[in-house]
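After the structure tokens below, expect a handful of questions from me.
The values are calculated or read from the model by the stated rules, or taken from the named source; none is laboratory data. Model, not experiment: these values are computed from the prediction. Cβ placement follows ideal geometry from the backbone for every residue including glycine, while neighbour counts extend to all protein chains displayed. Each accessible area value is taken on the protein alone, full model and side chains, heavy atoms only, with ligands, DNA and RNA left out. Shrake-Rupley method; radii C 1.70, N 1.55, O 1.52, S 1.80 Å.
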Amino acid sequence: MEKIIQTELEGVLILKNTCYTDNRGIFRELWSKHKFNEFSLNLNFTQDNFSISKKNVVRGLHMQIKPHEQIKYVQVLKGSIIDVAVDLRKESKTFGQHIKIELNESNNFGLLIPAGFAHGFVSLSNETILFYKCSSKYDKKSEITIKWDDPCLAIDWNVKNPVISLKDSNGISLHQFKNKLL
């Protein structure tokens, strides 16, 4: 990891990964506990995930709540995405706000998303390969899906004819999520 960039949402970090390129191709370090510790990011990841998405696929917005809340570290190995993180921390000054960043195989960025955020992305490539680490196991009972196109969030996915799963189409609104918190 070369550097960390703090976003406007507290705890959401853009990480510039170390990448070496020569006439053979590239070598990129995806994860180094030692380097994360050097930057005071003492994280305990317990699960790695991998997905392949076609162009215009929107996945999300997903999160897990206690006791299986997750920190996620997302990277693109091939292709390109617009990655979105939505702040759903109850006491946060930025509750309901989101950030978007392009992650692709060339810019070597990773996005660190703290617990309490919903996560989603749209694939910009015909084949996007995404790799991400999670700090807790997947637990269906702890999962919340926020509707990807909720007007309250006003996320511009910049995609025509998105490909959406049934689960993501049936996500709850930000208003419904707020009511669960009360």
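Please work out the average accessible area per residue across the chain, using the 1.4 Å probe convention, and give it in Å². Don't skip to the end; give the middle numbers.
Details: 9800 Å² over 182 residues.
About 54 Å² of surface per residue is accessible.
Could you sort the peptides 169-175, 62-68 by per-residue average Cβ neighbour count (10 Å cutoff), highest mean leading?
Values: 169-175: 14.9, 62-68: 17.0.
Answer by packing, highest mean first, reads 62-68, 169-175.
Separation of segment 68-105 and segment 132-182 by C-alpha centroid, Å?
12 Å
Related question: Of the beta bridges DSSP finds with both residues in segment 31-182, what % are antiparallel, to the nearest 5?
On the way: 38 of 40 bridges.
The antiparallel fraction comes to roughly 95 percent.
For Leu43, what is the net charge nearby, where nearby means another residue's Cβ is under 10 Å from its Cβ and Lys, Arg count +1, Asp, Glu -1? It would help to have the intermediate numbers written out before the result.
Numbers: positive: Lys33, Lys133; negative: none.
Cβ neighbours under 10 Å give a net charge of +2.
Per residue of the chain, what 222 nm ellipticity follows from adding -39500 (n - 2.57) for every DSSP H run with n ≥ 4, rounded to the nearest 500?
Values: 3 runs with 18 residues, N = 182.
Rounded to the nearest 500, it is -2000 deg cm²/dmol.
Add +1 for every Lys or Arg and -1 for every Asp or Glu among the other residues with Cβ under 11 Å from the Cβ of Tyr73, and state the total. Before the final figure, lay out the partial values.
Numbers: positive: Lys72, Lys133; negative: Asp48.
Combined, the nearby Lys, Arg, Asp and Glu give +1.
If contacts are Cα pairs under 8 angstrom and at least 6 residues apart, what is the relative contact order of segment 1-158 in percent? Please list the in-between numbers first.
Numbers: 367 pairs, mean separation 51.1, N = 158.
Worked out over segment 1-158, it gives 32 percent.
Which entries in the list Lys33/Lys100; Lys66/Lys178; Lys78/Lys147; Lys93/Lys137; Lys16/Lys100; Lys54/Lys140 go over 18 Å, if you measure between the two C-alpha atoms of each? Please list the in-between numbers first.
Details: Lys33/Lys100 26 Å; Lys66/Lys178 15 Å; Lys78/Lys147 26 Å; Lys93/Lys137 28 Å; Lys16/Lys100 16 Å; Lys54/Lys140 25 Å.
Among Lys33/Lys100; Lys66/Lys178; Lys78/Lys147; Lys93/Lys137; Lys16/Lys100; Lys54/Lys140, the Cα-Cα distance tops 18 Å for Lys33/Lys100; Lys78/Lys147; Lys93/Lys137; Lys54/Lys140.
Now a separate question. Using a simple spin-label model with points 7 Å from Cα along the Cα→Cβ vector, what separation in nm is obtained for Arg28 and His175?
4.0 nm
Continuing with the same structure: Each label point is 7 Å from the Cα along the Cα-to-Cβ direction; what then is the distance between the points at Asn158 and Glu38, in nm?
Here the modelled spin labels are 3.2 nm apart.
Using a Gaussian network model on the chain with a 10 Å cutoff between Cα atoms, which of Leu111, Leu30, Leu43 fluctuates the most?
Answer for the Gaussian network model of the chain: Leu43.
Name the residue, out of Lys141, Lys55, Lys78, whose mean-square fluctuation peaks in a Gaussian network model built on the chain with Cα pairs under 10 Å.
Lys141
Can you pull the percent of the chain's accessible area that's carbon plus sulfur, 1.4 Å probe, other chains left in place? Kindly include the intermediate steps, with their values, before the conclusion.
Working: 5000 of 9800 Å².
Solvent-exposed carbon and sulfur of the chain make up 51 percent of the total.
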